[in-house]
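Below is one structure, written out as structure tokens, with a few remarks after it.
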Amino acid sequence: EEGNKIFTYFDPQGGQPFPEYHRRHRGMGLWRTGVDGTMTWAYIHIYTPTPRLGDPDIKDQGIASGQNSFVIRGPQGVLDKLSWEGYREGYDDARYLATLQDAMARATAAGRHATLVARTQRWLDNLSIHADLDAWRAEMARRIEALQ
């Protein structure tokens with residue numbers, strides 16, 4: 001380790017329409033592979049034009065969307081895409097996991113809930129990368145509450 005961190009980048013591009021992949025890869029996937037973090041090219045691609053009402057080069061009522069973008073820029077503001085929602089959900093999954101791991105460490109340090117901590121660690125160790133992500137998050141929340 002020597003203080004180094006490993007991050008993934010551009011995997012897939014931010015705007016690729018794979019919300020489930022973005023969520024699974026950037027939440028559970030990073031944890032299971034031991035990667036320290038993730039980043040992507042951009043929230044909005046730098047070459048996506050800023051729409052101007054009445055601009056004949058912008059179609060669909062002034063909506064501009066680049067394939068590398070997590071959002072769509074429109075004349076009234078920014079709209080997120082499904083890929084962004086998947087990315088955000090993966091981040092939230094990682095936050096639930098970090099909270100669960102912290103609750104386990106605190107319970108262990110306090111000498112409480114030893115059986116639940118051990119069962120939770122076994123559950124995490126045996127969790128499939130193909131697990132239902134909504135069920136995984138709900139179970140993490142249940143265990144966090146039980147450990148507190």
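Of all accessible surface on the range 83-125 at a 1.4 Å probe, what whole percent is carbon and sulfur?
52 percent
Could you pull out every residue, at least 5 positions away or on a different chain, whose amide H is within less than 5 Å of the one on Thr38? Hs are placed 1.01 Å off N in the peptide plane, and Pro or chain starts have none.
Thr8
How big is the range 66-145 along each principal axis, measuring the range of its Cα positions in Å and listing the largest first?
57, 25, 18
Suppose every K and R has +1 on its Cβ and every D and E has -1 on its Cβ; what is the size of the dipole of the range 73-119 about the Cα centre, in Debye to the nearest 20?
Approximately 160 debye in magnitude.
Quick one: if the Förster radius is 22 Å, what FRET efficiency do Leu79 and Glu20 give, using the C-beta to C-beta distance and rounding to 0.05?
Here the calculated transfer efficiency is 0.65.
Order Trp31, Trp136 by their accessible area, 1.4 angstrom probe, all chains in place, largest first.
Most to least solvent-accessible, the answer reads Trp31, Trp136.
How much length, in nm to one decimal, is gained on full extension between Tyr9 and Ala131, taken as 0.36 nm per residue of separation minus their Cα-Cα distance?
41.5 nm
The values are calculated or read from the model by the stated rules, or taken from the named source; none is laboratory data. Treat the numbers as computed from the prediction; the structure is a model and nothing was measured. Using ideal geometry, Cβ is built from the backbone for each residue, glycine included, and neighbour counts are taken over all protein chains shown. Protein only, heavy atoms only, side chains kept; ligands, DNA and RNA dropped before computing areas. Shrake-Rupley method; radii C 1.70, N 1.55, O 1.52, S 1.80 Å.
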